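First the structure, which I've put down as structure tokens, then a few questions once you've had a look.
Only the coordinates and a few stated rules stand behind these numbers; no lab work does. These numbers were taken from a predicted model, which means no experiment stands behind them. Here Cβ is always computed from backbone atoms with ideal geometry, including for glycine, and neighbour counts include all displayed protein chains.
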Amino acid sequence: KADDPSALAAKKRSQKTQIEGVLNKLTDALLVFCPERCRKLADLQINAQKKRKIATEGATLVLKSASLDGVGSDTWRALWEAARRYSEEMAYLTSSFPNTADGARCVLCQQLLLPEARQRLSEFEGHVKGELEEEARAAEAECKDAMELLPSIPDDDSLRTACRASGLGEEDWVERLSSFWKAVAITKKQLISPSLDKNEGINRDSYPWVEILQQLSSDLETQAKQHDADVKSFDRAKVVQDKTELQAKQWTTQQADSIKAELSRLKSIAPYDALIRGTDHTSVSKMAGEIAEKIITIAYISRFNDELDRLGVKRIKVELVKNRVAYGKAMHSIRLRGVVSVGVAPLDILSEGEKRIVELAAFLADVIGRPSKAACIFDDPISSLDQAFEEKTIERLIELSADRQVIIFTHRLSFLGLLCDKSDPDIICIRSEPWGTGEPGDVPLFGKKPDRALKKLRDERLVQAEHTLQEHGSEAYYPLAKSICTDFRILVERIVELVLLADVIQRHRRDITTKGKIEYLCKIRKEDCRVIDHFMTKYSPYGHSQSFESPVDVPEPESIRTDIQILLEWHDEYKNRPIELDA
């Protein structure tokens, strides 16, 4: 009748283990709180109290010079030991405590020690280190150690849990255990508290049901052994299988006429079933999937590899493979090529920038394969990319914009500058004006490439300012020229960030970018620093308030044009200057 004798054996052994846990706690408590042990604990307490009293009385006799009560008490000893630590660790490092030499001071009140005070301190130290004090401390420590070994008292919830786990679910067992542990708790409290009356401990004879638990534990082990023997001598699984087969044969014999009639019916409708299967579209869908895999999948993988080449990702060994087909659509995944270890995913190997560029290649391969020319929107597509990947990505997005609308959101001015540098120079920037957002306008000065902005400053704004000077005079020319000078100084600063320092660091940018850039710092020479220093010095006054006594006049248009030309020529020479890493 047992479904699984081995499982029953394990269950009963588990119950036995739980009962033994309850028994072990009971027997430990009975042993610790037996009358003999309780008397020993009481004797330890009496001994400790007696020796402390002797030590205190001895202190009273020895320390006759003490003017205050309480000398030798716990509080007084704690104060004395604190004074000892202060004297030996801070006040008198080279002298033993107490320091009663000439000129010594009390470590508590800081006053010079008189002969009477020296004598008193010596008597105090003799008392602390005396034999009576040592015996009192030893007796108290022995008593404290014995008390700390007393077992903890389980609560009623723990007892109920233990009873359920051990199969003792009856409420009377919980009551028995709870009553026992309450008696233990009272005995423990009486032993620990010196103010309470002592009792004679707990007698094992008062709890005869402990033997019942021991018998239950033994019975469970006997039953478990019997189940183990049943497992070895009786193959229940085979008997159940044989019984099932016999019952199936019995049912088949009883239903022979109905079975023959059903066979006849199935044979009669078999031709119709064949016709129905002929109209099933599964084979058509399967063939469509095979054709799609040959045409669409291969073409998509080819486009993906082509996008990797365009984005300059040849060194990253990845490939696109088909992994499954779901609902008529082929699913693909990115896989590493040439990996020795099995199960290594691209996410475990590729850096954040490499993952970003591979994802972008997969996205573009999917977009350009669609028949419609839908617009593409990118949000900071060059995030986490190094300089080489940035430029390749921008070139690819510009190429993509030739036959579809490409909208890019970015907060990075370097990205805006690269776009302006590599795309059509007639860039339209969207501004937010007081009357509304979306107003078209020019790219902000700080978002342009410095050389391009300098040329626009020279060829447009300076020409306009020069025309104003000729037509309307110096007063109209002054604000235009000052604005040009201020912007010229800003562009010198941008050249320091983007050209001289190779965009390694920028103001108001948290990141320091060194990959693929820091080697350009080797091009810097002393002459370059003089050029930058000259123009920063010359054009800095126009960005600040001027003194009324010595105002700085704005330069003539030709002077500004000459400075712009000099800076542009330096810029071109520096950009084309080779990197001398060995210099």
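If each of residue 212 and residue 552 carries a label point 7 Å out from its Cα toward its Cβ, how far apart are those two points in nm?
10.4
Report the gain in length on full extension from residue 7 to residue 470: 0.36 nm times residue separation, minus Cα-Cα distance, nm rounded to one decimal.
So the chain would gain 155.9 nm between residue 7 and residue 470.
Sticking with this structure for a sec: If you project the alpha carbons of the range 1-48 onto their three principal axes, what span does each projection cover, largest first, in Å?
Cα extents, longest axis first: 64, 15, 7 Å.
Follow-up question, since we're still on this one. Pop the C-beta distance of residue 319 and residue 367 into the FRET formula with R0 = 22 Å and round what comes out to the nearest 0.05.
Between residue 319 and residue 367 the formula returns 0.65.
So if R0 is 25 Å, what FRET efficiency would residue 513 and residue 540 give, r being the distance between their Cβ atoms, rounded to the nearest 0.05?
It comes to 0.35.
What's the local net charge at residue 146, with K and R +1, D and E -1, over the other residues with C-beta under 13 Å away? The partial results should precede the final answer.
On the way: positive: 37, 39, 40, 144, 188; negative: 43, 140, 142, 145, 148.
Net local charge, residue 146 excluded: 0.
In nm, what is the difference between 0.36 nm times the number of residues separating residue 411 and residue 228 and their Cα-Cα distance?
Contour length minus the Cα-Cα distance gives 58.5 nm.
Something else now. Suppose the chain between residue 525 and residue 153 were pulled fully straight at 0.36 nm per residue; how much longer would it get relative to their current alpha carbon spacing? Numbers along the way, then the final one.
On the way: separation 372, 0.36 × 372 = 133.92 nm, distance 8.25 nm.
This chain segment gains 125.7 nm when fully extended.
Moving to a separate point now. Rounded to the nearest 0.05, what FRET efficiency do residue 238 and residue 335 have when you use their Cβ-Cβ distance and R0 = 45 Å?
0.40
Report the local net charge at residue 524: Lys and Arg +1, Asp and Glu -1, summed over other residues whose C-beta lies under 11 Å from its C-beta.
Taking every Cβ under 11 Å from that of residue 524, the sum is +1.
Could you work out the Kirkwood radius for the range 168-279, taking every pair of different alpha carbons, averaging 1/r and inverting it, reported in Å?
Details: mean 1/r = 0.0448 Å⁻¹.
One over the average 1/r among Cα pairs gives 22.3 Å for the range 168-279.
Here is a further query. Along the Cα-to-C-beta direction of residue 248, a point sits 7 Å from the Cα; which residues of the range 258-276 have their amide N less than 18 Å from that point?
The answer is 259-260, whose backbone nitrogens lie closer than 18 Å to the label point.
In a shell of Cβ-Cβ distance under 13 Å around residue 243, excluding residue 243 itself, what net charge do Lys and Arg (+1) and Asp and Glu (-1) give?
Values: positive: 236, 238, 249; negative: 235, 242, 245.
Counting the neighbours of residue 243, the net charge comes to 0.
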